[in-house]
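The values are calculated or read from the model by the stated rules, or taken from the named source; none is laboratory data. Predicted model, so just to flag it, every value in this text is computed and none were measured. Glycine gets a Cβ as well: all are built from the backbone with ideal geometry, and neighbour counts include every protein chain shown.
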Amino acid sequence: MAAVSGWGKLGRSTNIAPRGPSAYSIPNFLRGDCAVSDGEVFPVFETWAQKAHLDAAGYEAAAARAKTDPDGFWREVAGRLDWITPPTQIKDVSFNKSDFRIRWFADGVLNVSVNCLDRHIAARGDQTAIIWESDDPEIHTTLTYRELLAEVCRMANVLKAKGVRKGDRVTIYLPMIPAAAVAMLACARIGAVHSVVFGGFSPDALAGRIQDCDSKVVITADEGLRGGKTVPLKRNVDEALKTCPGVTDVVVVRRTRGEVPMTEGRDAFYSELKTTVADTCEPEPMNAEDPLFILYTSGSTGKPKGVLHTTGGYLTWAAYTHELVFDYRPGEIFWCTADIGWVTGHSYVVYGPLANAATSLMFEGVPNYPTNSRFWDVIDKHQVEIFYTAPTAIRALMREGDEPVTRTSRKSLRLLGSVGEPINPEAWLWYYRVVGEARCPIVDTWWQTETGGVLMSPLPGATHMKPGSCTKPLPGVQPQLVDAEGKVLDGAVSGNLVITDSWPGQMRTVYGDHERFIATYFTTYPGKYFTGDGARRDEDGDYWITGRVDDVINVSGHRIGTAEVESALVANPNVAEAAVVGYPHPVKGQGIYCYVTLNADVTPTDILEAELKGWVRREIGPFAAPDVVQFAPGLPKTRSGKIMRRILRKIAEDDLSNLGDTSTLADPSVVDDLVKNRTQQS
Ligand code: WT7
């Protein structure tokens, strides 16, 4: 086992006095370097080793078989689904440019909504499929599997009546209400491809996503409701559609019943449409490699990529990982706090849990409304057994002290999960001790929109835990660390994280741009999938994700391309040039730091600074609002005109002793100005 040092002897014992919010500090690994100690090791709980789906020996055996007999192994894993035609072809993959292909279960035929609904009806028709907890703590509703199926069929019939056919794209712009899951499953039922756009995106961002995949139908709500505030979803759609002439129909779900303008002939309320259709709908038989959904995500260039997932492989992966990582048993109450607008919501609010006959809790609200106890109150109210959230939420709640947690019971909890960004050991330990009372294992799950589901995580019955480490790959996942030149690095070492072979949940293409798919993920290290993440492997072979090594930043678990923020800034008439970098932020993980050069005739003022923050907020969405805007008369550039981001990152991180060689800059004096006028963050 690895040495214990660095984070102090905070480990196994449970009688350590709780640490107050002031004890928080930014760990090195959030700063992006690799000086991380291995900290304490938490062994597998004996009780879990005995009853879990996989214990340590089972994990080793599964991982070995996935390597030696991949077809046999994956055929068995896919056998968990109901196939109309079971696949005989299992894995057909090459990551090499000359014969590139990723195909799984290629001759299999199935329908995703049947796997998530119909097949559970006989045994579990009256079991709750979705518990919906409203933003208002007084209001919740439940839907049984039978009710959910009927509702999905109605929505499917409404879409069909609007002319939606197999292969057509449907954009879903909804808040966290059951209709969001219904809309996704309704698309799956008729073979339409959904593109869910997070409700926090601006009209412009929504329009870009509608145009890119050419949706003719948009499903939205009158308004969303979060933390007591309304979100003008329908008005945003109206604004977006000014530049989307291809959209013929907007289906509007009533949420707040707020007044919204309706365009004659285009817009209709779902509550009215659904009374005109039947509550049964024949499922469309889909080939395993038919597309299931597109989900846009940020990369290092300005334009978001439409990540495309297909039917058989994605659902196999979502269901398999949901069962394994959370040691899930049918009927248990599972709560993933992610919005369905992100992949975590797709895989662990909707598809994984429902494929496994779960009761999935869907939460409309936010962690601190009406009080900082909201998460824990909801856990007690609905007797939640498995709880899965993001480090940013844990850090924000940790700041409020222990009392909002300890005043609740949380006795129903048996497992905790973390996702979306590196969790700093201090937050991990607080989550473990205060929330889980040292009796719930924590699974720190590393994955990406591109991977469809979890790739690395401890398994509660099989793997020890280390605060801040996602530990080991799941069976069949083959990570590797390489240096900048692609040389494979062995042993305890830091490097760039690649995956050397495919898994069923892997994305298949960038919608409409297969070349870009191959260029983005398979050319940096030919023949390997490049994750864009850096990682360290310790002496035990455990992985520690150190963060993105590309121009992507992770703000509160939201992935944002610095190029997207830059193009939003330069679209402002006052701005000549902009460069955006991430910096360590105590709650958000990373904050957004913008260096802005104004046009020659524009004076930098506090008002303009606020205006630019508001501008980006409106251009992309509130979650992308800059934390810092620093006006810079010039940006550090090489003589060939390339912006030296390394220097900008160091200044933003306040790591001024370590600016490196600035002599190759076209004008080294710009650095002095940037340092002198560095904007302090709180
Ligand atoms: C990026 C992917 C995972 C689904 C939600 C985010 C970072 C994600 C972890 C983790 C350290 C993590 C990575 C990754 N990330 N989970 N457990 N530990 N980093 O999906 O928006 O596609 O972002 O999130 O940097 O590349 P995404």
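If the requirement is being crowded, with 19+ Cβ neighbours inside 10 Å and of a type in the set (D, E, K, R), which of these qualifies: Asp533, Asp540?
On inspection, the qualifying residue turns out to be Asp533.
Among the residues that make up the range 595-608, is at least one of them touching a residue at least 40 places away in the same chain (Cβ under 8 Å) and closer than 23 Å to His585 by Cβ?
Yes.
Quick check on this structure: which one of Gly453, Gly436 is small (Gly, Ala, Ser) and in contact with a Phe, Trp or Tyr (Cβ under 8 Å, 6 or more places away or on another chain)?
Within the list Gly453, Gly436, the selection yields Gly453.
Name the pairs whose Cβ atoms lie under 7 Å apart, with the first residue in the range 523-534 and over 16 Å from Gln478 (Cβ atoms), the second within 12 Å of the ligand (Cβ to nearest atom) and of a type outside the set (S, T, N, Q), and 6 or more positions between them or separate chains?
Matching pairs, first to second residue: Thr524/Phe530; Gly532/Arg548; Gly532/Val549; Gly532/Asp550; Gly532/Val552; Gly534/Leu497; Gly534/Gly547; Gly534/Val549.
Please specify each residue of the range 627-676 satisfying the condition of being assigned to a loop (DSSP other than H, G, I, E, B), small (Gly, Ala, Ser) and closer than 20 Å to Ser300 by Cα. Working first, answer last.
Taking the range 627-676 first, the residues assigned to a loop (DSSP other than H, G, I, E, B) are 627, 632-636, 639-642, 644, 653-655, 659-664, 666-668.
If we keep only those that are small (Gly, Ala, Ser) too, we end up with 632, 634, 640-641, 660, 663, 666.
Selection gives Gly641 alone.
Given the criterion more than 27 Å from the chain's Cα centre (by Cα) and of a type in the set (Gly, Ala, Ser), identify the matching residue among Gly614, Gly621, Gly634.
Gly634
Could you please find all residues in the range 280-314 being part of a strand (DSSP E or B) and either in contact with a Gly (Cβ under 8 Å, 6 or more places away or on another chain) or among the hydroxyl-bearing types (Ser, Thr, Tyr) (or both)?
Met286, Asn287, Pro291, Ile294, Leu295, Tyr296, Thr297, Lys305, Gly306, His309, Thr310
Being in a loop (DSSP other than H, G, I, E, B) and either within 10 Å of the ligand (Cβ to nearest atom) or of a type outside the set (Gly, Ala, Ser) (or both) is true for just one of Thr408, Thr445. Which residue is that?
Within the list Thr408, Thr445, the selection yields Thr408.
Quick one: in the range 313-354, of everything that is among the small types (Gly, Ala, Ser) and out of contact with any Pro (no Cβ under 7 Å at 6 or more places or on another chain), which residue is farthest from the ligand (Cβ to nearest atom)?
Gly331
Working carefully through the options Leu455, Leu459, find the one that is touching a residue at least 12 places away in the same chain (Cβ under 8 Å), within 16 Å of the ligand (Cβ to nearest atom) and under 15 Å from Arg537 (Cβ atoms).
Working: Leu459 fails: under 15 Å from Arg537 (Cβ atoms).
Residue meeting the stated conditions: Leu455.
Give all pairs with beta carbons closer than 6 Å in which a residue from the range 291-310 that is farther than 13 Å from Val343 by Cβ meets a residue that is more than 13 Å from the ligand (Cβ to nearest atom) and hydroxyl-bearing (Ser, Thr, Tyr); count only pairs at least 6 apart in sequence or on separate chains.
Within 6 Å, the pairs are Pro291/Thr310; Gly302/Ser567.
Given the structure, is Leu308 among the hydrophobic types (A, V, I, L, M, F, W, C), farther than 21 Å from Val419 by Cβ and buried (at least 20 other Cβ atoms within 10 Å of the Cβ)?
Answer is yes for this residue.
Report yes if some residue within the range 294-302 is more than 12 Å from the ligand (Cβ to nearest atom) and within 15 Å of the chain's Cα centre (by Cα); otherwise report no.
yes
Is there any pair linking a residue in the range 265-285 that is surrounded by 11 or more Cβ atoms within 10 Å (Cβ to Cβ) to one that is part of a loop (DSSP other than H, G, I, E, B) and aliphatic (A, V, I, L, M), with Cβ under 7 Å and at least six apart or on different chains, and which?
Pro285/Ile84
Please work out if Tyr431 is among the aromatic types (Phe, Trp, Tyr), part of a helix (DSSP H, G or I) and within 21 Å of Ser556 (Cα to Cα). Write out each step before concluding.
Working: among the aromatic types (Phe, Trp, Tyr): yes; part of a helix (DSSP H, G or I): yes; within 21 Å of Ser556 (Cα to Cα): yes.
It is true that Tyr431 is among the aromatic types (Phe, Trp, Tyr), part of a helix (DSSP H, G or I) and within 21 Å of Ser556 (Cα to Cα).
Going by the structure shown, is Tyr511 modelled with pLDDT of 95 or more and within 15 Å of the ligand (Cβ to nearest atom)?
So Tyr511 fails the test.
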